[in-house]
Amino acid sequence: MEIKLSFPADSPPLSVIAAAKIAGLPITTDSSLPSASPPTFLFSNGLKLKGTNVLLHYIGSMASTPHLYGQDAYESSQIVEWLEYAPVFASGAEFEKGCKYADEYLLQHTFLVGHRLSIADIAVWSSLAGTGKRWDSLRKSKKYQNLTRWFNSILMEYGAVLNEVTTTFHGEKGSGKLIAIKAKEKEQKGLDLHNKIVDGDVNGKGKVGSRPTSEVELPEAEFGKVRLRFAPEPSGYLHIGHSKAALLNQYFAQRYQGQVIIRFDDTNPEKESSEFVTNLLKDIETLGIKYAKVTYTSDYFPRLMEMAEKLILEGKAYVDDTPREQMQKERMDGIESRCRNNSPQENMKLWKEMIAGSERGVMCCVRGKLDMQDPNKSLRDPVYYRCNPKHHHKVGSTYKVYPTYDFACPFVDAIEGITHALRSSEYHDRNAQYYRIQEDMGLRRVHIYEFSRLNMVYTLLSKRKLLWFVQHKQVEGWDDPRFPTVQGIVRRGLQIEALIQFILEQGASKNLNLMEWDKLWTINKKIIDPVCPRHTAVLEERRVLLTLVDGPDVPFVRIIPRHKKYERAGEKATTFTKRIWIDHADAQSISVDEEVTLMDWGNAVVKEIRRDGDGNVTDLVGVLHLEGSVKTTKLKLTWLPESCELVTLSLVEFDYLITKKKLDEDEDFLDVLNPCTKKEITALGDSNMRNLKRGEILQLERKGYFICDAPFVRSSKPIVLFAIPDGRQQSGL
């Protein structure tokens, strides 16, 4: 059924037009309605629908995009609430109030409803975009950072559609004229963002080695035709070093209105498994990577074998049975193999032995016949195929021979229509090999684009080395909080938003760079601090009882906010008693007759201090002085009531796995292992912590930020909280 959208020329319904395009609903437009008329759908069967929200509801219901109007009745109801609220952003008097409300809401939400784009996001985004310069000035002022982050993320994801809509239909306020956004200006903004990702010039100040804007284009890229691939090997979990590659692929795909595919480079059955495939997809989802499809290099094994035979018959490859160590030495010295000039027929005979996995075959490999005297050693007859009798996670025992990455990658890139292959600059010397192999194969040339590799201090990113920790039970698994894997750092309390921001801000052009973890955790703190609830804990060891002589004989409870500046964090119940627990370290620092502040209660004066034979404080006696000023006290103490309702906590802190910032090239990581990477401390926590959920982040006041790894089950089993670094390096406990 054909649909025509009619509206007044001076007030085009941006949200309806944008929603229809994103939903894949074809409509024609007509701007002939009188001013103040509601937008209207005219159907080819004569039916009509009127009103912005009614049209948006229809689009959401008919969308090919899943869950655009919510995945259940609750989400649909939330969308209705936001649609009713959206006009606030078009109201002069209410505009700032609306921005403030949405900004606070988006502190802990990626989208307005649920975990994906909905009609609500489109409606509010369009309302903001429709205000023109007013919203632009607020974006530049950074007054509403969460709202700006949300606005920009939607623009980055759906920029092609949204820019087309605003370019065509964005009415300049008060003029009634249609205006266009300058294409050059948009293009320049995209290039500037790219500079930040690739060159690290995040402050707008040129750095030594930064490239000019004119050089950051993908070579010969055409809008709508760019196709990229993120190709992890399924031999481990995704780590922070891979994240930059994944996010950079997504950035270019969005910028050029192209697509990313995920390809598992599964050419080594000895290291790979279905477990790694499953978890890599999970990690890619966590990063928010939008991909067109998933493929496997193993899908192309038959065609790769055909290509290997073709090259053998053409004299561009040969079978070599030289022992591996001797072969490596000959390559380094530029010495040709004695098998290099064997006839194609002899090579084919040995190739068949390899395919069969025979005793003779397993001694051989296939090598490309390139140039053994080339100064670039990657061109000195690289290995194309090896025998491997191991079971493959996807194709089982079908094959006894497997292609190397160097052989498979240029072939599959070309066959899958990849236009640009993004590779870190550590592979620079292998680029010539990549192009030469494609040339010998007679395939289309794929452009290589290099970016700088991300390295972190005190961190091992080699999957082989990380596997050693897993196999030797030095960590719990690939998601251990000490690991640099995406699952590990998220389990330790890192927000994905912080990781993305960190990667966008880290710099240093194509040079390998060593980054500090403190910077990443500082960004993370800025995200979690404004929203995470506050709770109280007292370390169990040598805790001290403070008796308040004039304290309440009968305990009473007050309901107070979990976060004084963030209402949505909820409330907690605090019990006030005559006897309270405080930390031993706090008790040791108190003097007789000193006035202290008991947080969330008021002041008290300590009248008596009792110590044991070693001088350690064992008990305190004091009186309340609630009329006292908190400004006059030196010590602000966290405390817990003496109560059987308290919960037991296990507070866990982690350290780096190695003790050296950066390993030397030939240094063995086993020589710099950190002997103590995990410390557990038992504490008591307020009773409200029984309601914590796994993955929930909180702040233990005066002790730092934590993430709940094991929630309350029963009194005999502690709640496990992992300490979240905040960028200050020193321990909070």
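The values are calculated or read from the model by the stated rules, or taken from the named source; none is laboratory data. The shown structure was predicted, so the numbers you read here are calculated from the model rather than taken from an experiment. Neighbour counts are summed over all protein chains in view; Cβ atoms, including those assigned to glycine, are modelled from backbone coordinates with ideal geometry. Just the protein is used for accessible areas: all its heavy atoms, side chains included, with ligands, DNA and RNA removed. Shrake-Rupley method; radii C 1.70, N 1.55, O 1.52, S 1.80 Å.
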### Task
Restricting attention to the range 630-640, report how many residues are farther than 23 Å from Ile724 by Cα and either touching a helix residue (DSSP H, G or I) at 6+ places or on another chain (Cβ under 9 Å) or surrounded by fewer than 16 Cβ atoms within 10 Å (Cβ to Cβ) (or both).
5
### Summary
Restricting attention to the range 426-480, the residues that are under 19 Å from Pro234 (Cα atoms), of a type in the set (S, T, N, Q) and either in contact with an Asp or Glu (Cβ under 6 Å, 6 or more places away or on another chain) or not in a loop (DSSP other than H, G, I, E, B) (or both) number exactly 1
### Task
Could you grab me the full set of residues in the range 63-77 that are acidic (Asp, Glu) and either outside any loop (DSSP other than H, G, I, E, B) or touching a strand residue (DSSP E or B) at 6+ places or on another chain (Cβ under 6 Å) (or both)?
Glu75
### Message
Which count do you get for residues in the range 97-112 that are over 16 Å from Gly130 (Cβ atoms) and either among the aliphatic types (A, V, I, L, M) or open to solvent by less than 80 Å² (accessible area, probe 1.4 Å) (or both)?
### Response
8
#### Entry: Failed condition for Ser462, given (1) within 18 Å of the chain's Cα centre (by Cα); (2) surrounded by fewer than 20 Cβ atoms within 10 Å (Cβ to Cβ); (3) of a type outside the set (Asp, Glu)
(1)
## Note on the structure
Quick count over the range 586-614, residues being in contact (Cβ under 8 Å) with a residue 40 or more places away in the chain, hydrophobic (A, V, I, L, M, F, W, C) and assigned to a strand (DSSP E or B), is 4
#### Entry: 1 or more residues open to solvent by 60 Å² or more (accessible area, probe 1.4 Å) and out of contact with any Ser or Thr (no Cβ under 7 Å at 6 or more places or on another chain): qualifying strands (runs of 3 or more DSSP E) within the range 248-350
259-264
### Task
Only residues that are open to solvent by less than 20 Å² (accessible area, probe 1.4 Å) and in contact with a Leu (Cβ under 9 Å, 6 or more places away or on another chain): list them for the range 428-449, please.
Gln433, Ile437, Asp440, Met441, Tyr449
### Filter result (in a helix (DSSP H, G or I) and either surrounded by 15 or more Cβ atoms within 10 Å (Cβ to Cβ) or of a type in the set (D, E, K, R) (or both)) within the range 351-371
Trp351, Lys352, Glu353, Met354, Ile355, Gly361, Val362, Met363
### Query
Within the bounds of the range 164-173, is there any residue that is in a loop (DSSP other than H, G, I, E, B), at pLDDT 80 or above and in contact with a Lys or Arg (Cβ under 8 Å, 6 or more places away or on another chain)?
no
### Residues being open to solvent by less than 80 Å² (accessible area, probe 1.4 Å), within 23 Å of Asp600 (Cα to Cα) and assigned to a loop (DSSP other than H, G, I, E, B) - total across the range 643-670
2
### Query
Does at least one position in the range 502-509 carry a residue that is more than 36 Å from the chain's Cα centre (by Cα) and buried (at least 18 other Cβ atoms within 10 Å of the Cβ)?
no
#### Entry: Candidate set: the range 662-714, residues that are among the basic types (Lys, Arg) and closer than 25 Å to Arg728 by Cβ; chosen: the one farthest from the chain's Cα centre (by Cα)
Arg702
### Query
Taking the stated definitions as given, is Thr618 in a strand (DSSP E or B), in contact (Cβ under 8 Å) with a residue 60 or more places away in the chain, open to solvent by 10 Å² or more (accessible area, probe 1.4 Å) and under 15 Å from Pro552 (Cβ atoms)?
no
### Query
Looking only at residues in the range 50-85 that are open to solvent by 50 Å² or more (accessible area, probe 1.4 Å) and among the aliphatic types (A, V, I, L, M), which one is nearest to Ala9 (Cα to Cα)?
Val54
### Query
Counting only residues that are out of contact with any His (no Cβ under 8 Å at 6 or more places or on another chain), open to solvent by less than 20 Å² (accessible area, probe 1.4 Å) and part of a strand (DSSP E or B), how many does the range 685-708 have?
5
### Task
Kindly check whether there is at least one residue in the range 715-726 that is of a type in the set (S, T, N, Q) and open to solvent by 80 Å² or more (accessible area, probe 1.4 Å).
yes
### Task
Return yes when Phe483 is outside any loop (DSSP other than H, G, I, E, B), crowded, with 17+ Cβ neighbours inside 10 Å and either in contact with a Gly (Cβ under 9 Å, 6 or more places away or on another chain) or of a type in the set (A, V, I, L, M, F, W, C) (or both) and no when it is not.
no
## Note on the structure
Of those in the range 518-537 that are assigned to a helix (DSSP H, G or I) and open to solvent by 20 Å² or more (accessible area, probe 1.4 Å), the residue farthest from Ser643 (Cα to Cα) is Lys519
### Query
Is it the case that the range 155-164 has a residue that's out of contact with any helix residue (DSSP H, G or I) (no Cβ under 6 Å at 6 or more places or on another chain), without any contact (Cβ under 8 Å) to a residue 24 or more places away in the chain and of a type in the set (D, E, K, R)?
no
### Query
Any idea how many residues of the range 78-119 are assigned to a loop (DSSP other than H, G, I, E, B) and out of contact with any Asp or Glu (no Cβ under 6 Å at 6 or more places or on another chain)?
13
### Task
Scan the range 47-58 and give yes if some residue there is in contact with a Lys or Arg (Cβ under 8 Å, 6 or more places away or on another chain) and within 22 Å of Val165 (Cα to Cα), otherwise no.
no
### Task
Can you confirm whether the range 248-260 contains a residue that is among the aromatic types (Phe, Trp, Tyr), touching a Phe, Trp or Tyr at 6+ places or on another chain (Cβ under 6 Å) and at pLDDT below 95?
yes
